[in-house]
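A.B. asks: Here you go, one structure.
The values are calculated or read from the model by the stated rules, or taken from the named source; none is laboratory data. What you are looking at is a predicted structure, and each value in this text was computed from that prediction instead of being measured. Backbone-built Cβ (ideal geometry, glycine too); neighbour counts: all protein chains shown.
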């Protein structure tokens with residue numbers, strides 16, 4: 001019985017074979033800090049993504065969203081363009097924002113309770129200047145078709161507002 005000995009395949013051969021099969025190889029991106037072994041700073045508990053002063057958009061979410069809900073929202077925001085995909089995400093628990101809200105041109109708020117918390121925190125001048133778009137809570141967006149439709153409409157109007165403000 002002949003046993004075939006498998007030799008390691010070089011990277012260029014692997015890429016040619018994958019391309020011939022129609023497979024796009026994905027390569028994981030790593031920041032330079034992680035390659036060197038420098039510890040990454042952890043965000044504050046209420047901040048899902050980093051905030052910056054004068055941001056284009058800030059997303060206000062209820063605390064305790066499931067992984068499926070956050071994944072759905074992340075995909076929807078990514079489909080909305082880079083300004084929405086990179087938007088700061090701040091959670092609301094017990095009617096209070098978990099972090100200070102940076103000034104932004106637009107706010108995407110998921111649920112009425114989060115809208116009330118944002119209204120209590122932001123000054124009236126900032127509320128007047130900003131485009132505030134209300135969407136259903138993530139749990140509803142995950143389970144109901146009409147909530148998904150309203151989210152897409154909200155994202156479309158938010159993109160238009162950000163594009164008009166960018167001119």
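A.B. asks: Listed residues 151, 140; which is assigned to a helix (DSSP H, G or I) and touching a residue at least 60 places away in the same chain (Cβ under 8 Å)?
C.D. replies: 151
A.B. asks: Can you pull out the residues in region 74-108 that are under 16 Å from residue 131 (Cα atoms), assigned to a loop (DSSP other than H, G, I, E, B) and touching a strand residue (DSSP E or B) at 6+ places or on another chain (Cβ under 7 Å)?
C.D. replies: Across region 74-108, the qualifying residues are 87, 101, 102.
A.B. asks: Further, regarding this structure: Kindly establish whether residue 133 is closer than 15 Å to residue 60 by Cβ, in contact with a helix residue (DSSP H, G or I) (Cβ under 6 Å, 6 or more places away or on another chain) and without any contact (Cβ under 8 Å) to a residue 40 or more places away in the chain.
C.D. replies: Here the answer is yes, as residue 133 does meet what is asked.
A.B. asks: Right, another one. Hey, does region 73-80 have a residue that's touching a helix residue (DSSP H, G or I) at 6+ places or on another chain (Cβ under 6 Å), on the phi > 0 side of the Ramachandran plot and surrounded by fewer than 20 Cβ atoms within 10 Å (Cβ to Cβ)?
C.D. replies: No, the conditions are met nowhere in region 73-80.
A.B. asks: Separate question: For the condition buried (at least 16 other Cβ atoms within 10 Å of the Cβ), closer than 17 Å to residue 72 by Cβ and modelled with pLDDT under 90, what is the one hit in 140, 151, 162, 158?
C.D. replies: Testing whether each residue is buried (at least 16 other Cβ atoms within 10 Å of the Cβ), closer than 17 Å to residue 72 by Cβ and modelled with pLDDT under 90 leaves just 158.
A.B. asks: Please indicate, with yes or no, whether at least one residue in region 55-75 is within 30 Å of residue 165 (Cβ to Cβ) and modelled with pLDDT under 75.
C.D. replies: Scanning region 55-75 turns up at least one residue that is within 30 Å of residue 165 (Cβ to Cβ) and modelled with pLDDT under 75.
A.B. asks: Filter region 61-73 down to residues that are in a loop (DSSP other than H, G, I, E, B) and under 12 Å from residue 142 (Cβ atoms), then give me how many there are.
C.D. replies: So the answer is 2.
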